[in-house]
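I have placed the structure first, in the form of structure tokens, so that the comments after it can refer back to it.
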Amino acid sequence: MAERYHSVRLTDEKCQGCVNCTRRCPTEAIRIRGGKAQITSSRCIDCGECIRYCPGHAKTAVTDELADLKKYKYNIALPAPSLYGQFSVDIPVRAILSGLLKLGFNEVFEVAHGAEIVSLAIRDHLKRKDIPRPAISSACPAIVRLIQVKYPELIDHLAPFDAPVEVAARLARAEAEELPGLTPENIGVWFITPCPAKMTAVYQPLGAEKSNITGAIAISKIYPALLKVVTAELQDARRQASWVGVGWAVSGGETNSVGADNVLIVHDVHHVANVLEQVALGKLKDVDYIEMLACAGGCIGGPLTVENRYVAEHRMKQRISRKKMEDPKFGRLPRTDYSEFELGVAGRRAIEPKPILRLDADITKAMNKIEFMDRTLKSLPGLDCGSCGSPNCKALAEDIAQGLASMTDCVFILRKKVRDLAYEMVDLADKLPPPLDKNQEYEEKEKC
Amino acid sequence: MTPEQGLTLEFALTGADFNSAGEASSKIKRTLQLLGIRPDIIRRIAISAYEAEMNVIIHAYRGSIRADIHPNRTEVTVADEGPGIPDIELAMKEGYSTAPDYVREMGFGAGMGLPNMARCTDKFDIKTEAGVGTQLSMTIYH
Ligand code: SF4
Ligand code: SF4
């Protein structure tokens, strides 16, 4: 399989081989080999769980830097709504947007604008009678990838729209291209991102040939600089998205904006996997829509944010109820309409399945491997301790069947082997060659 | 193993044991994924196995589900000891359900069972005897 681009990487020197990440990874993509974690590229969905749980901070996300702005003449920042949750409610969104301008961006275009458009599109989509139900949100790229690799049979449940950030990027870019003296090559469009999944989506777009986004800068990376320049005072007045789009930062926000009520809201990639399993068994057909987000709490819980997710959630909620009251006064009303161009209908291509579980291209061989795995699994202790470097006993059995590990990687099997060997040694040590063995009685003697 | 024998997975089912409902079907599905069977076919097998599994849990005292996986097909056999189905023709109509109210409140037994299974499978056969039990066999070609 061709190497895929991934934002989640491992800093080898920092990895202690502690196995924490292997057990958190929802696709069992990580193994410890030679004392270091290794990520299997085809399995990784860039959810960032491993970043969150690595005690040594050995897992990082590669994102772009502010310095990369220099490569372009005109730079646009696309702040994710979750950015606003990093600041106290007394700092208005306008102040945060102005802060981004002070850091060197020429323009700011809120991702929340894109979210408003996508919300309307989903609302229309759910009115259709001919779509497989439940429809599933495609806004979180980690979830789209989870479906591609582990639940490929559910791909046609995904809402067939770009994520809000891609919609926002297309609009921001189109606007900039109208400006005198600018060509597509000298416009940089930068997503201020809460997560590595979206970083990856820039380099490996889901459902589009090429992304309109130039790069992504982690919220955690830009935050220190932004904090210095953001002030609550006098700001450039800029157009702003309404509370509808901004609400997407928190789980449940998308559903709110779509305005559907027969909906499930599921967040945290492990819970999401459980619910997808149910959908795969044909349950939940009477549900219209499932909002699914890989991070607990939604994007405010993204691994590249700085603020504690409960704090951020509280702030976002306050911010949104304030905006609900104030927005209409300033004429910031939710969108009521969108065009096919805005939604990017033309550039859309189908999301392809990328199943990862197949053991062998030859089905008979795969069957033999399954039988072998079953036998192996029966002789493993079943403690799922992970000390072997595979996430659980079953995964080790699979690794052994694939020739990637051996029985003695299990510490308990190893100990048993050592003990058996030790007994055998003691046994052997007791044995003496006949000339020295005075106690031994020989039947032959009697016979003589 | 020879290709003709295929792989066999078998699970015991207990009536009213909603805690493990769906586990057998999930395991069958997972095995099919390991074999690299096409996703849309896996989906049909998983859905029919799940419906059958649930029927045993909802209506019967005990039973078993068995999947015989061959390179070109999967056969799912579900047998139970239970009340049987009094009127098969009626049970094959969409929307018909004999599930007790408390089960329906849990969101199961909406009455899509048998017709759904028949639709998802290439061969569908059902034998039932009132007061004794039901036996289902379904085949889906890969
Ligand atoms: S990013 Fe997610 S899928 Fe990738 S290795 Fe880390 S935990 Fe696993
Ligand atoms: S929930 Fe949001 S922050 Fe987390 S992975 Fe998905 S898109 Fe990224």
* Which whole-number value in Å² is the accessible area per residue of chain A, probe 1.4 Å? -> 47
* Structure fact -> Share (percent) of C-alpha pair distances in the stretch A:149-235 greater than 19 Å works out to 54
* Which aspartates and glutamates have a Cα less than 14 Å from the Cα of A:Lys73, not counting those fewer than 8 places away in the same chain? -> A:Glu107, A:Glu177, A:Glu185
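For chain A, what does -39500 (n - 2.57) per DSSP helix run (n ≥ 4), summed and divided by total residues, give at 222 nm, in deg cm²/dmol to the nearest 500? Mind dumping the intermediate values first?
Working: 17 runs with 175 residues, N = 448.
Rounded to the nearest 500, it is -11500 deg cm²/dmol.
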* Give me the angle, in degrees from 0 to 90, between the Cα long axis of helix A:411-430 and the longest principal axis of the Cα atoms of chain A, rounded to the nearest 10. => 10
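Please go through the residue pairs A:Lys59/A:Lys354; A:Lys70/A:Lys102; A:Lys127/B:Lys93 and name each one whose alpha carbons sit more than 18 Å apart in this structure.
Details: A:Lys59/A:Lys354 24 Å; A:Lys70/A:Lys102 15 Å; A:Lys127/B:Lys93 27 Å.
Going by Cα-Cα distance, A:Lys59/A:Lys354; A:Lys127/B:Lys93 fall outside the 18 Å limit.
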* Segments A:274-286, A:291-303 sorted - mean Cβ within 10 Å per residue, highest first -> A:291-303, A:274-286
* For the stretch B:24-38, take each phi angle, set θ = phi - 60°, evaluate the Karplus expression 6.51 cos²θ - 1.76 cosθ + 1.60, and give the result in whole Hz per residue in order, putting x for glycine and proline. => 4, 5, 4, 5, 5, 4, 4, 4, 5, 5, 4, 7, x, 5, 4
* Return the long-range amide H neighbours of B:Gly133 (sequence gap of 5 or more, or a different chain), with a cut-off of under 5 Å between placed amide H atoms. => B:Gly82, B:Gly84
* Asked: What figure in square angstrom, to the nearest 10, would you give for the accessible area of A:Trp248 with a 1.4 Å probe?
  -> 30
* Structure fact -> Residues whose built amide H sits under 5 Å from the amide H of B:Arg62, excluding neighbours closer than 5 in sequence, are B:Gly15, B:Glu81
* Asked: Accessible surface of A:Phe341 in the full protein assembly, 1.4 angstrom probe, to the nearest 10 Å²?
  -> 120
* Asked: Against the longest alpha carbon principal axis of chain A, how many degrees, from 0 to 90 and to the nearest 10, is the axis of helix A:141-150 turned?
  -> 40
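What accessible area, summed over both chains, is buried at the A-B interface (1.4 Å probe, Å², nearest 100)?
Values: alone 22040 and 7850 Å², together 27500 Å².
Approximately 2400 Å², summed over both chains.
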* Under the Karplus relation 6.51 cos²θ - 1.76 cosθ + 1.60, θ = phi - 60°, what is the ordered set of whole-Hz ³J(HN,Hα) values for the stretch A:162-168, x standing for Gly and Pro? -> 5, 5, x, 5, 5, 4, 4
* Ranked by accessible surface with a 1.4 Å probe, highest first, in what order do A:Val426, A:Val108, A:Val311 come? -> A:Val426, A:Val311, A:Val108
* Asked: If R0 is 30 Å, what FRET efficiency do you get for A:Asp374 and B:Asp122 from their C-beta distance, rounded to 0.05?
  -> 0.65
* Asked: Regarding the stretch A:66-347, what is the average projected area of its C-alpha convex hull, in nm²?
  -> 14.2
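May I have the convex hull volume per residue, in Å³, for the Cα set of the stretch B:7-141? Let's see the in-between values first.
Numbers: hull volume 12.7 nm³, N = 135.
Per-residue hull volume (Cα only) is 94 Å³.
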* Asked: For the Cα atoms of chain A, what angle does the longest principal axis make with the long axis of helix A:269-280, in degrees from 0 to 90, nearest 10?
  -> 90
* For the protein assembly as shown, just say rounded, prolate or oblate: build the C-alpha gyration tensor, square-root its eigenvalues into a ≥ b ≥ c, call rounded for a/c under 1.5, and beyond that prolate if a/b exceeds b/c, oblate if not. => oblate
* Asked: Quick one: length gained pulling A:Lys70 to A:Ser387 fully straight, 0.36 nm per residue minus the C-alpha distance?
  -> 109.4 nm
* Once you put a point 7 Å from the Cα of A:Leu227 and another 7 Å from the Cα of A:Tyr310, both along the Cβ direction, what distance in nm separates them? -> 2.1
* State the extension gain, in nm to one decimal, for the chain segment bounded by A:Arg9 and A:Lys127, taking 0.36 nm per residue of separation less the distance between their alpha-carbons. => 38.4 nm
* Structure fact -> With label points set 7 Å from each Cα along the Cα-to-Cβ direction at A:Lys329 and A:Asp427, the distance between them in nm comes to 8.8
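Report, to one decimal in Å, the Kirkwood hydrodynamic radius for the stretch A:8-61 based on all distinct Cα pairs.
Values: mean 1/r = 0.0941 Å⁻¹.
Its Kirkwood hydrodynamic radius stands at 10.6 Å.
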* Asked: Under 19 Å Cα-Cα from A:Lys417, which lysines qualify once same-chain neighbours fewer than 8 residues away are excluded?
  -> A:Lys378
* **Cα-projected label distance for A:His271 with A:Gln38, points at 7 Å along beta-carbon direction, nm** => 3.5
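Run the numbers for A:Ser321 and A:Thr183: contour at 0.36 nm per residue of separation, minus the present Cα-Cα distance, in nm. Could you put the intermediate results ahead of the total?
Numbers: separation 138, 0.36 × 138 = 49.68 nm, distance 4.01 nm.
Result: 45.7 nm gained on full extension.
Calculate what fraction, in whole %, of the accessible area of the protein assembly as shown sits on carbon and sulfur atoms when a 1.4 Å probe is rolled over the protein chains. Let's see the in-between values first.
Values: 14660 of 27500 Å².
Answer for the protein assembly as shown is 53 percent, counting heavy atoms of protein chains only.
The values are calculated or read from the model by the stated rules, or taken from the named source; none is laboratory data. Keep in mind it's a predicted model, so treat the numbers as computed, not measured. With ideal geometry, Cβ positions are generated from the backbone for all residues, glycine too; neighbour counts draw on all protein chains shown. When the accessible area is computed, the model is the full protein with side chains, heavy atoms only, and any ligands, DNA or RNA have been set aside. Shrake-Rupley method; radii C 1.70, N 1.55, O 1.52, S 1.80 Å.
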